[in-house]
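A.B. asks: Would you mind keeping the following structure in view while I ask a few things?
The values are calculated or read from the model by the stated rules, or taken from the named source; none is laboratory data. Note that the structure is predicted; figures quoted are calculated from it, not measured. With ideal geometry, Cβ positions are generated from the backbone for all residues, glycine too; neighbour counts draw on all protein chains shown. Ligands, DNA and RNA are excluded from the accessible area calculation, which covers all protein heavy atoms including side chains. Shrake-Rupley method; radii C 1.70, N 1.55, O 1.52, S 1.80 Å.
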Amino acid sequence: MTAHATEIRMLEIGNNRPAVEVWEAGQGSPLIFLHGAGGLMPNDRFFQALAGQFHVHAPLLPGYGDSLGEELLVDMLDATLHTGDVIDALGLDGPTLVGHSMGGMLAAELAALAPNDVGQLALIAPAGLWLDDHPVEDLFAKLPFELPELLFHDTALGEKLLAAGLDLDDPAFLADFLVIRARRLGMAGKLLFPIPDRGLSRRLHRIKAKTLILWGESDRLIKPVYGEAFATAITNSELQLVPEAGHLVTHEKPAIVVDAIAAWFNAS
Amino acid sequence: MKFTWFNLMPWPHLPEDFREQHRSVWVDIPSSLYDPKKGHEVYNTYLDQLEYAESLGFDGIGVNEHHANAYGLMPSPNIMAAALARRTSKAALVVLGNSIALYNPPIRVAEEFAMLDVISGGRLVAGFPVGTSMDTNYAYGQVPALTRDKYVEAHELIRRAWKEDEPFHFNGRFTQLRYANCWPKPIQSPRPPVFIPGGGSVETYDFCIENEYAYSYLSFTGYKRAQVLMDGFWDRVDEMGADKSPYRAGFAQTICVAETDEEAKELYGEHVNYFFNRCLHIYPGYADAPGYRTIKTIKKGALSQFTRASLDTLGKLSWEELVADGHIIAGSPETVVRQMKELITGLKVGNIFCLLHIGNMTNEKTRLSSRLFAEEVMPKLQNMWPEWADDERFWIHPLEDRIKPSVPIAAMGGAD
């Protein structure tokens, strides 16, 4: 994969709130990518794949990277309106939104709250629903060594991707790692803990955007049956399953995911 | 010195192969391992022991709050304290404590603590823990990053509820009450003594010092491992310009007393083993929900004591190693006096929470160890802090003329 030059900048969002870190790369139609609870990885391979076909903007939620001010976001409404403000600040009208996992939940929530403000939507294994017969796994109680199996179809690939740069036996690294993890998942917990249901099911019917729903067939964190639930609730939508991919389908099959998104958006 | 006899109330019937068959004693342990009929005997035996501790001369008797936990069978410590309030007359009722972020609305804590204080004639010590991550986040579903904000707000509401003489409005982020109005109010005015269980969160040091609350370190790893954390507390006391009364601080310690050192090992070894290997078998994924600890605390390196490394180590240590490292204080009265003096002077604490019932210890052994401690150890430790003998700020102030409950009919041999 060719590396696309990534510009990382701080975006002012006004009202005396802290600036937001935004990654930007690629050519083509603009697209906003909202990351999942794990944030963006160093040289994030899904971000890079998106940049191969789109002009992608990826803002980091407060609590992630240099985006500060997570203490100002207490609940789902705060986080959703914050996302809307970031999109305004990017100056993109009727934007194309792609969200993965927690980011998919935020994208769906925004599209439901402000159905006329979102152009096109792609939700990749979004969180936000709860089915009693298919409980979402408890991400917050997992230890680092348990994540590859939870998040990947190919556990060995998961170990390789997730362990890159991790040295938990080094106390200095561990201290930084724990701070980063506490900031990220502390913020994510306001949206996802203890059960990732903040009432989205009551609002999904309001979404007007034409919506692609993508799911890794081997997703063990949020099982593909949730894809059917989203597809049923969102009027103008289609579910596509990606074989041999887990919850991080974005990192396991980036080319397939980006091709599917491009085909969907080009068709609309 | 103030000695509080404390019972965690562990379930004593965990199977031999518990570690192999289950990943955690807490949060997701199946309740099929609990047998209510045996539980009837367990609760009543434990309550009897707390009452016995008063008769032995302990200054306080202590209970605490845990949820979905097989080593702590008191989801409602106030029920236990209520049972004890009517059957005891002198000892402080040390409720350590109510996890105030979990009560909805938290004025419930102001009310129930006031009830306990009134029933007991002013013998309540009120504890306000944040609660462990296992209890608060995993078992009770609180959002980790909001737990401390909720705690702070609940504390403000409770203190105001005790203080105000008229109904007041309370417009919090988590609790809104148009008519906040605490009936009854506590006897101890403006409040009972407050103990704050802490485990190394730096914010808790300041909170205790500012409010004149006693900082209580409830550790399972013993006094030698507690030195750094307690030094951190005393450093803050210095920095904030407060006096160094040892009654600002307390420590929980596992203690086993027998006639000789050898007998202590023989009598109590298996029960200590049960506690460290079965009761403290905790899945480390539940130890610290991300967001539960503040960034400031993580940066100080103060992590949960419930990590896999620390717990696994404890379970593998021999009796001799456990004693040598101070994880347990155990042996003859002379040995225990010596170790207790090290603990008290090393950590500079005036309050000791004595864990004298351990794991699945039988009633007879628990009483033996407790009696030997009360008769042969406590008297030799009473005068450790003579210059602070008159410091009454951190202990109970009961009514002089307290009511004695009338004797029940059954106890007089009457109708059942």
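A.B. asks: Of all accessible surface on region A:60-126 at a 1.4 Å probe, what whole percent is carbon and sulfur?
C.D. replies: Using a 1.4 Å probe with all protein chains present, region A:60-126 comes out at 50 percent carbon and sulfur.
A.B. asks: Give, ordered by residue number, each residue of region A:179-217 whose 1.4 Å probe accessible area is reduced by a minimum of 10 Å² on adding the remaining protein chains to the chain alone.
C.D. replies: Relative to the lone chain, where solvent access is computed with a 1.4 Å probe, region A:179-217 loses at least 10 Å² at A:Val179, A:Arg181, A:Ala182, A:Arg183, A:Leu185, A:Gly186, A:Gly189, A:Lys190, A:Phe193, A:Pro194.
A.B. asks: How big, on average over all directions, is the shadow cast by the Cα convex hull of region B:156-312, in nm²?
C.D. replies: 13.5
A.B. asks: Let me ask something else about it. Go through A:Leu178, A:Ala229, B:His169 and say which Cα lies farthest out towards the positive end of the charge dipole of the protein assembly as shown; charges sit on Cβ, +1 for Lys and Arg, -1 for Asp and Glu.
C.D. replies: B:His169
A.B. asks: To continue, here is another question. Mind jotting down the distance between the C-alpha centroids of region B:69-84 and region B:94-143, whole Å?
C.D. replies: One Cα centre to the other: 11 Å.
A.B. asks: So if I take the centroid of the Cα atoms in region B:243-279 and the same for region B:168-223, what is the distance between those two points in Å?
C.D. replies: Centre-to-centre distance over Cα atoms comes out at 28 Å.
A.B. asks: What shape does region B:313-414 have by the C-alpha gyration tensor, where a ≥ b ≥ c are the square roots of the eigenvalues, rounded means a/c under 1.5, and otherwise prolate means a/b greater than b/c and oblate the rest?
C.D. replies: Because a/c hits 1.5 or more and a/b fails to exceed b/c, region B:313-414 counts as oblate.
A.B. asks: I've got another one for you. When the Cα centres of region A:209-268 and region A:31-82 are compared, how far apart do they sit, in Å?
C.D. replies: Value for the Cα centre distance between the two parts: 19 Å.
A.B. asks: Still on this structure, I have one more. Determine ³J(HN,Hα), in whole Hz, for all residues of region B:348-358 in sequence, where each value follows from phi through the Karplus function 6.51 cos²θ - 1.76 cosθ + 1.60 and θ = phi - 60°; x replaces Gly and Pro.
C.D. replies: 3J(HN,Hα) across region B:348-358, in whole Hz: 6, 10, x, 10, 10, 9, 8, 8, 9, 9, 10.
A.B. asks: Separate question: Of the cross-linked pairs B:Lys185/B:Lys404; A:Lys160/B:Lys296; B:Lys265/B:Lys348; B:Lys185/B:Lys348, which ones have a Cα-Cα span greater than 22 Å in the structure shown?
C.D. replies: A:Lys160/B:Lys296; B:Lys265/B:Lys348; B:Lys185/B:Lys348
A.B. asks: Pick from A:Leu174, A:Leu241, A:Leu129: which is most flexible by mean-square fluctuation in a GNM of chain A where alpha carbon atoms under 10 Å apart are linked?
C.D. replies: Of A:Leu174, A:Leu241, A:Leu129, the most mobile in the Gaussian network model is A:Leu174.
A.B. asks: How much accessible surface area, in Å² rounded to 10, belongs to the heavy atoms of B:Ser32 with a 1.4 Å probe?
C.D. replies: Accessible area of B:Ser32: about 100 Å².
A.B. asks: Roughly how many Å² is the accessible area per residue of chain B, as a whole number, for a 1.4 Å probe?
C.D. replies: Each residue of chain B exposes 41 Å² on average to a 1.4 Å probe.
A.B. asks: Taking amide H positions as placed 1.01 Å from N in the peptide plane, with prolines and chain starts having none, which residues 5 or more places from A:Gly28, or on another chain, fall under 5 Å of its amide H?
C.D. replies: Under 5 Å from the amide H of A:Gly28: A:His55.
A.B. asks: Could you tell me which of rounded, prolate or oblate describes chain B, using a ≥ b ≥ c as the square roots of the eigenvalues of the alpha-carbon gyration tensor, with rounded for a/c under 1.5 and, failing that, prolate when a/b is larger than b/c and oblate otherwise?
C.D. replies: Rounded, because the longest to shortest axis ratio a/c is under 1.5.
A.B. asks: Give the residue list of trypsin sites (Lys or Arg not before Pro) in region B:119-196 that are DSSP loop and have at most 16 other beta-carbon atoms within 10 angstrom.
C.D. replies: B:Arg173
A.B. asks: For chain B, what's the relative contact order in percent, using C-alpha pairs closer than 8 Å and at least 6 residues apart? Write out the running numbers ahead of the final one.
C.D. replies: Working: 751 pairs, mean separation 89.6, N = 416.
For chain B, the relative contact order is 22 percent.
A.B. asks: Right, here's the next one. Heavy atoms of the protein only, probe of 1.4 Å, neighbouring chains included. What is the accessible area of A:Ile256 in Å², nearest 10?
C.D. replies: Looks like 90 Å² after rounding.
A.B. asks: Here is a follow-up. Computing the accessible area with a 1.4 Å probe over protein heavy atoms, can you report the carbon and sulfur percentage for region A:194-241?
C.D. replies: Here carbon and sulfur together make up 50 percent of the probe-accessible area.
A.B. asks: Moving on to the next point. Keeping the other protein chains in place, figure out the carbon and sulfur percent of the accessible area of region B:129-213, with a 1.4 Å probe.
C.D. replies: Roughly 47 percent of what the probe reaches on region B:129-213 is carbon or sulfur.
A.B. asks: For B:Val407, A:Val98, give the ranking by accessible area with the largest first, probe 1.4 Å.
C.D. replies: In descending accessible area the options line up as B:Val407, A:Val98.
A.B. asks: Calculate one ³J(HN,Hα) per residue across region B:52-65 by plugging θ = phi - 60° into the Karplus curve 6.51 cos²θ - 1.76 cosθ + 1.60, and present them in order as whole Hz with x for glycine and proline.
C.D. replies: Computed from phi, the couplings for region B:52-65 are 4, 4, 4, 5, 7, x, 4, 6, x, 10, x, 9, 8, 10 Hz.
A.B. asks: Over region A:1-86, with the other protein chains present, what is the accessible area per residue in square angstrom, probe 1.4 angstrom?
C.D. replies: Value for region A:1-86: 43 Å² per residue.
A.B. asks: Probe radius 1.4 Å, ligands and nucleic acids left out: which of B:Trp395, B:Trp11 has the largest accessible area, and how do the rest follow?
C.D. replies: B:Trp395, B:Trp11
A.B. asks: Using a 1.4 angstrom probe, figure out how much accessible area region A:159-203 has per residue, in square angstrom, rounded to the nearest whole. Working shown, then result.
C.D. replies: On the way: 2370 Å² over 45 residues.
Normalised by residue count, the accessible surface of region A:159-203 is 53 Å².
A.B. asks: Across the protein assembly as shown, how large is the tail of the calculated P(r) beyond 36 Å, expressed as a percent of all Cα pairs?
C.D. replies: Roughly 47 percent, once rounded to a whole number.
A.B. asks: Can you give the charge dipole size of chain A about its Cα centre, rounded to the nearest 20 debye, using +1 on the beta carbon of Lys and Arg and -1 on the beta carbon of Asp and Glu?
C.D. replies: In debye, rounded to 20, chain A gives about 600.
A.B. asks: A further question follows. Kindly tabulate the residues in region B:126-173 with an accessible-area decrease of at least 20 Å² between the chain alone and the assembly of all protein chains, using a probe of 1.4 Å.
C.D. replies: Buried-area filter returns B:Tyr138, B:Gly141, B:Val143, B:Pro144, B:Ala145, B:Leu146, B:Arg173.
A.B. asks: Turning to a different aspect of this structure: Can you list the residues, at least 5 places off or on another chain, whose amide H is less than 5 Å from the amide H of A:Leu11, using H built in the peptide plane?
C.D. replies: The list, which skips near neighbours in sequence, is A:Val20, A:Glu21, A:Val22.
A.B. asks: Provide B:Ser55, B:Ser201 ordered by accessible surface of protein heavy atoms (probe 1.4 Å), highest first. Walk me through the numbers on the way to the answer.
C.D. replies: Values: B:Ser55 85, B:Ser201 10 Å².
Per-residue accessible area, sorted high to low, gives B:Ser55, B:Ser201.
A.B. asks: Tell me, what ³J(HN,Hα) does each residue in region B:133-150 have, in order and in whole Hz, if you take phi through Karplus 6.51 cos²θ - 1.76 cosθ + 1.60 with θ = phi - 60° and put x for Gly and Pro?
C.D. replies: After applying 6.51 cos²θ - 1.76 cosθ + 1.60, I find 5, 4, 6, 6, 8, 7, 7, 10, x, 6, 5, x, 6, 9, 4, 5, 4, 5 Hz.
A.B. asks: What quantity of accessible surface, computed with a 1.4 Å probe and excluding non-protein components, is buried in total between chains A and B, in Å² to the nearest 100?
C.D. replies: Buried surface at the A/B interface: approximately 1600 Å².
A.B. asks: Residues of region B:268-292 losing 50 Å² or more of accessible area relative to the isolated chain, 1.4 Å probe, heavy atoms only?
C.D. replies: Residues losing area: B:Tyr283, B:Pro290.
A.B. asks: Can you give the helix-only mean residue ellipticity at 222 nm for the protein assembly as shown, where every DSSP H stretch with n ≥ 4 adds -39500 (n - 2.57) and the sum goes over all residues, rounded to the nearest 500 deg cm²/dmol?
C.D. replies: -11000 deg cm²/dmol
A.B. asks: Within 10 Å of each Cβ in A:135-144, how many Cβ atoms from other chains are there, averaged over the peptide? Spell out each step's value before the answer.
C.D. replies: Working: counts 0, 0, 0, 6, 1, 10, 14, 1, 5, 1.
Per-residue shielding by partner chains comes out at 4.
A.B. asks: For chain A, what does the alpha-carbon gyration tensor say about shape, rounded, prolate or oblate, given a ≥ b ≥ c as the root eigenvalues, a/c under 1.5 as rounded, and a/b over b/c as prolate?
C.D. replies: Rounded, since a/c falls under 1.5.
A.B. asks: Quote the accessible area belonging to B:Lys265 in square angstrom, nearest 10, computed with a 1.4 Å probe and with ligands, DNA and RNA left uncounted.
C.D. replies: Result for B:Lys265: roughly 90 Å² accessible.
A.B. asks: Give the long-range amide H neighbours of A:Arg220: residues separated by 5 or more places, or on another chain, with amide H under 5 Å away, using H modelled in the peptide plane at 1.01 Å from N.
C.D. replies: HN-HN under 5 Å from A:Arg220: A:His247.
A.B. asks: Given that compact globular proteins tend to follow 2.2 N^0.38 Å, what is the ratio of the alpha-carbon Rg of region B:54-109 to that value? Working shown, then result.
C.D. replies: Numbers: Rg = 12.4 Å, N = 56, 2.2 N^0.38 = 10.2 Å.
Ratio of Cα Rg to 2.2 N^0.38 Å: 1.22.
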